[in-house]
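The values are calculated or read from the model by the stated rules, or taken from the named source; none is laboratory data. Given the structure is predicted, the values throughout are model-derived calculations rather than measurements. Reconstructed Cβ throughout: ideal geometry from the backbone, glycine too, with neighbour counts over all protein chains shown.
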């Protein structure tokens, strides 16, 4: 039986190919749903900004439907929304993504997953991508979300919560910490 | 009904997060255990890209500029399959690499080696129905890096592949069989098993070699596959 090819870091020199033009603009004016801006940061274990990270995002549309043939939930695909984003961090380790808030997605069995975005982090020094999820602080369904429930430590659960901007609605702050005392929860998929 | 899950990662196939021989991992590796995520719709779906994503000459890195780049022209081709040996059709494959002098077309690569105005080192293609891809490029050069005293990366090409789902994503590096730098390279050596490392080495292939044009190298890529025996996952449904 073939074995999965071994991962390697993206290294520091991927910028000419991987970050697509407008890769951080996942939704346009015609996309259904609540437009949001995610203001993200990527930090290392000593809280230094990671200026050569690449972030990929994958999410359902406003109706909770993925643009993929295996999503057989009822609900419609929004032709203006693929649900994929890819953006490189800047010199301050910051990135900006414009998208819409995803709807809730069916979980296993009869469970429902609260609105969330799948996140992959790639960088020099990261041999295999790190996988996490972004949830929305105070979001509907967070308290019943089966994936959040897997994280026993409530303080660690907080690392997955994007925080609303205190001044401007629709703007969400999300910090990824690849190590250190406030290390983000990462998943084995 | 619940989605059919993918097989979990096979132990011994993947590099650890913390690999001190590769210094940059030290501050960029989570230390708390990863939490196993069951495969829901969010994991078994993923982006699918159409040919609209491609530009002419995306798969021919030697024809993207006014003239031909300097270096040994070569063909790199192979198949993308899954752990069950099935072809992964219609998936996006992206590559990037240094030029023949071992320098990247990149603002942060300030090494004392020439840039080649005819080579930017980026390519893109989509696999055919048999999972096959093919690039024309030049052989990348060696380059030194700061990881340790007298450190040189083996010649390599970076590959990024999506596969059919979020779970199947892969970024790896293709090396060349017999490259003398391989045993000294902590990135190559971070793949635990010898079989896994060997699989990352492209082999010279006469059949892919084009007379009067360039040598051929075969590089097959294996993505995660589904559990071989799908089960009725309705035990959650009550």
Complete set of residues in the stretch B:30-41 that are touching a strand residue (DSSP E or B) at 6+ places or on another chain (Cβ under 9 Å) and assigned to a loop (DSSP other than H, G, I, E, B): B:30, B:33, B:34, B:37, B:39, B:40
Which listed residue, of A:81, A:13, is within 12 Å of another protein chain (Cβ to nearest Cβ), closer than 15 Å to residue A:103 by Cα and surrounded by 20 or more Cβ atoms within 10 Å (Cβ to Cβ): A:81
Every residue from the stretch B:44-90 that is over 25 Å from residue A:4 (Cα atoms) and assigned to a strand (DSSP E or B): B:60, B:73, B:74
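Here is a yes/no grid of residues against (1) out of contact with any helix residue (DSSP H, G or I) (no Cβ under 8 Å at 6 or more places or on another chain); (2) at the interface with another protein chain (Cβ under 7 Å from one of its Cβ atoms); (3) without any contact (Cβ under 8 Å) to a residue 12 or more places away in the chain; (4) surrounded by fewer than 21 Cβ atoms within 10 Å (Cβ to Cβ):
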| residue | (1), (2), (3), (4) |
| --- | --- |
| B:155 | yes, no, no, no |
| B:159 | yes, no, no, no |
| B:163 | yes, no, no, no |
| B:166 | no, yes, no, no |
| B:172 | yes, yes, no, no |
| B:186 | yes, no, no, yes |
| B:190 | yes, yes, no, no |
| B:195 | yes, yes, yes, yes |
Index of the failed condition, residue B:93 passing every other in (1) out of contact with any helix residue (DSSP H, G or I) (no Cβ under 7 Å at 6 or more places or on another chain); (2) in a strand (DSSP E or B); (3) surrounded by fewer than 20 Cβ atoms within 10 Å (Cβ to Cβ): (3)
Only listed residue being in a loop (DSSP other than H, G, I, E, B), modelled with pLDDT of 95 or more and in contact with a strand residue (DSSP E or B) (Cβ under 9 Å, 6 or more places away or on another chain), chosen from A:138, A:103: A:138
Residue in the stretch B:220-231 that is at pLDDT below 95, surrounded by 14 or more Cβ atoms within 10 Å (Cβ to Cβ) and in a loop (DSSP other than H, G, I, E, B) present: yes
Some residue of the stretch A:143-156 being part of a strand (DSSP E or B) and either in contact with a strand residue (DSSP E or B) (Cβ under 9 Å, 6 or more places away or on another chain) or surrounded by fewer than 21 Cβ atoms within 10 Å (Cβ to Cβ) (or both): no
Subset tally (residues that are surrounded by fewer than 20 Cβ atoms within 10 Å (Cβ to Cβ) and either within 7 Å of chain A (Cβ to nearest Cβ) or under 28 Å from residue A:50 (Cα atoms) (or both)) for the stretch B:1-11: 2
Some residue of the stretch A:93-105 being facing chain B (nearest Cβ under 7 Å) and surrounded by 21 or more Cβ atoms within 10 Å (Cβ to Cβ): yes
Which listed residue is at positive phi, out of contact with any helix residue (DSSP H, G or I) (no Cβ under 6 Å at 6 or more places or on another chain) and either within 9 Å of another protein chain (Cβ to nearest Cβ) or loosely packed, with under 15 Cβ neighbours inside 10 Å (or both), from A:22, A:52, A:44: A:22
Residues located in the stretch B:23-67, provided they are at the interface with another protein chain (Cβ under 7 Å from one of its Cβ atoms) and within 18 Å of residue A:44 (Cα to Cα): B:24, B:25, B:27, B:28, B:29, B:30, B:31, B:32, B:34
Residues satisfying the stated conditions in the stretch A:157-183, i.e. over 15 Å from the mean Cα position of the chain (by Cα), buried (at least 19 other Cβ atoms within 10 Å of the Cβ) and away from every other protein chain (no Cβ under 11 Å): none
Any hit, the stretch B:55-65, residues being touching a residue at least 12 places away in the same chain (Cβ under 8 Å), touching a strand residue (DSSP E or B) at 6+ places or on another chain (Cβ under 8 Å) and under 29 Å from residue B:9 (Cβ atoms): no
Selected residue (criterion: nearest to residue A:7 (Cα to Cα)) from residues of the stretch A:125-153 that are out of contact with any helix residue (DSSP H, G or I) (no Cβ under 7 Å at 6 or more places or on another chain) and facing chain B (nearest Cβ under 7 Å): A:128
Qualifying residue in the stretch B:120-139 (condition: free of Cβ contacts under 8 Å to residues at least 60 places away in the same chain, within 14 Å of another protein chain (Cβ to nearest Cβ) and more than 30 Å from residue B:44 (Cα to Cα)): yes
